[in-house]
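Q: Sending over a structure as structure tokens; questions will come in a sec.
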Amino acid sequence: MDFQIPTEEQYAKAMLALLPPGKAWPRDTDTNLYKLFYGLATQVRKVDEKAISQISAAFPATATDYLDEWLELFGLPDKCTTWQSSDEDKRAQVVARLTWTGEATVAFLKTYCATIGYTVDIKEWGGAVCGGARAGKQGCQTSDRLSESIITINILNDKDPTFLQCELQTVLPYLTLYVFRQGKPF
């Protein structure tokens, strides 16, 4: 959003327009009353500028003044990020946690990875379908490891895979993930 803040002259004229009509309240720009309102308008404009800057300062994706409050809300930094991590990484993690819906679909995971700055290719490798695959025994028993889903994530950009792996293990502890960078295990 791009807000247009009125000029001091526009503020002064708007304040003068609130006064009752008559000779006691001249609206000419060379009067002392106009100069007084122009001086007040300068301060009003500064307040409005600060208020508008707070919108982006408080929004999670662009947070500056309120980044610590957003981090505290999500229990961050955690084992994946530290106070020494860049503000950009912290903001990305806040936005990712804020938009997390609990999904584990490939499309959602790609979006989640993109939110924290990773370009990835994800493949899901499923095992046997319960009751559908047989090789001499009923599938999906507690000892049947083939019924588990495995996800491989190939990081296509040059970002460090450590943070991504830590973040995904935190939000998806029930999945088996294998992370690669440029097609090679790290």
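Coordinate-derived values only; no laboratory data. Not measured: the values here are computed from a predicted model. As a convention, Cβ positions derive from the backbone with ideal geometry for all residues, glycine included, and neighbour counts pool all protein chains shown.
Q: Grab the beta carbon distance between residue 82 and residue 107, set R0 = 30 Å, and tell me the FRET efficiency rounded to 0.05. Before the final figure, lay out the partial values.
A: On the way: r = 30 Å, r/R0 = 1.01.
E between residue 82 and residue 107, to the nearest 0.05, is 0.50.
Q: Short version: ³J(HN,Hα) in whole Hz for each residue of the range 46-58, in order, from phi by Karplus 6.51 cos²θ - 1.76 cosθ + 1.60 (θ = phi - 60°), x for Gly and Pro, what are they?
A: Residue by residue, the range 46-58 yields 4, 5, 5, 4, 5, 4, 5, 5, 5, 4, 6, 5, 9 Hz.
Q: If you don't mind, another one. With the Cα gyration tensor of the range 1-56 giving a ≥ b ≥ c as the square roots of its eigenvalues, does the rule (a/c under 1.5 for rounded; else a/b larger than b/c for prolate; else oblate) give rounded, prolate or oblate? All intermediate terms of the calculation are to be shown ahead of the outcome.
A: Numbers: a/c = 3.27, a/b = 2.63, b/c = 1.25.
Prolate, because a/c is 1.5 or more and a/b exceeds b/c.
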